[in-house]
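What follows is a set of notes on a single structure, which appears directly below.
Since every read-out is calculated from the coordinates, none of them should be taken as a lab result. Keep in mind the model is a prediction, meaning the values are calculated, not measured. Cβ placement follows ideal geometry from the backbone for every residue including glycine, while neighbour counts extend to all protein chains displayed.
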């Protein structure tokens, strides 16, 4: 009996992980392509790579951690905007969800983190939760 339980436990531990899901989106406005996005879900992590043009071209890499309840626990988005001035091309946005709160910080290259008063454009989900007003950074939220 003991050997059977040990063998069953070993077989359960060796089962393959959940398969990854891959899909993509192409958004068009008339005959113009506005954005292209590739999304991969593996377990409780969703990774997205996207290029959009609204109004300028941006490349985004986003990693979202999904909680046991299916909601977003943490989001990290790295944004590269090649048409921006040199010090503003790289940006990182981090959102952390705890209980009924969302803390959003953004950081440009060589800039200290900032908590914006509203989410940046291209935000990947809608929420009714209010973000903290930005008081610690020199640049206003965009």
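Available extension along the chain between residue 40 and residue 107 is 21.6 nm, counting 0.36 nm per residue and deducting the alpha carbon span. Ranked for footprinting exposure by Cβ neighbours inside 10 Å, fewest first, 79, 66 give 66, 79.
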